[in-house]
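Here the structure comes first, spelled out in structure tokens, and everything after it is commentary.
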Amino acid sequence: LISKPPGTRDVGAPLRYWVQVGSFSDRQNAEQLRGRLAFSYADVHVVDVLDAERHRYYRVRMGAFATRSAAEARASDSARFGLPVVIVTE
């Protein structure tokens, strides 16, 4: 491997798990949700993503978690907010 795409994990690095609770086209909406969840969780952040069609999205995620079971526990706990919860890996 000569190079890797930006934002991808290093070859051989362990998978990390994230709990995604929202994806928005408006950064302000993502920041509002992040602020609401930050009262309960210290690891909430907004990830800026540009897709293949050059659309920008702001994803609200928690983590990273070393194991899927840890991410599932957080997803279960955060479901009390009534948000769609998705576990993603990197």
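The values are calculated or read from the model by the stated rules, or taken from the named source; none is laboratory data. On a predicted model such as this, the values are computed, not experimentally measured, just so you know. Using ideal geometry, Cβ is built from the backbone for each residue, glycine included, and neighbour counts are taken over all protein chains shown. With ligands, DNA and RNA removed, areas are computed over all heavy atoms of the protein, side chains included. Shrake-Rupley method; radii C 1.70, N 1.55, O 1.52, S 1.80 Å.
Among the trypsin sites (Lys or Arg not before Pro) found in the stretch 12-50, those both in a DSSP coil and sparsely packed, with 15 or fewer other Cβ atoms within 10 Å of their Cβ, are 16. For the chain, a crude dipole built from +1 on the beta carbon of Lys and Arg and -1 on the beta carbon of Asp and Glu, taken about the Cα centre, is about 60 debye to the nearest 20. Note on the chain: with a GNM built from Cα contacts shorter than 10 Å, the maximum mean-square fluctuation among 73, 52, 64 falls on 52.
Dividing the summed -39500 (n - 2.57) terms of all DSSP H runs of n ≥ 4 by the residue count of the chain sets its mean residue ellipticity at 222 nm at -8000 deg cm²/dmol. Restriction of the chymotrypsin sites (Phe, Trp or Tyr not before Pro) in the stretch 7-90 to DSSP coil positions whose beta-carbon has at most 12 other beta-carbons within 10 angstrom yields 39. In this structure residue 55 has an accessible area near 90 Å², from a 1.4 Å probe over the protein heavy atoms. Here the 3J(HN,Hα) profile of the stretch 33-44, calculated from phi with Karplus coefficients 6.51, -1.76 and 1.60 at θ = phi - 60°, is 5, 4, x, 5, 6, 5, 5, 9, 9, 7, 9, 8 Hz, Gly and Pro shown as x. Checking every one of the trypsin sites (Lys or Arg not before Pro) in the stretch 46-79 against DSSP loop status and a limit of 13 other Cβ atoms within 10 Å picks out 54. 3J(HN,Hα) along the stretch 60-68: 9, 10, 10, x, 8, 10, 6, 10, 5 Hz, from the Karplus curve 6.51 cos²θ - 1.76 cosθ + 1.60 with θ = phi - 60°, whole Hz, x for Gly and Pro. According to the square roots a ≥ b ≥ c of the eigenvalues of the Cα gyration tensor, what is the shape class of the stretch 13-90, taking rounded for a/c under 1.5, prolate for a/b larger than b/c otherwise, and oblate for the remainder? Judged from the Cα gyration tensor, the stretch 13-90 comes out oblate (a/c at least 1.5, b/c at or above a/b).
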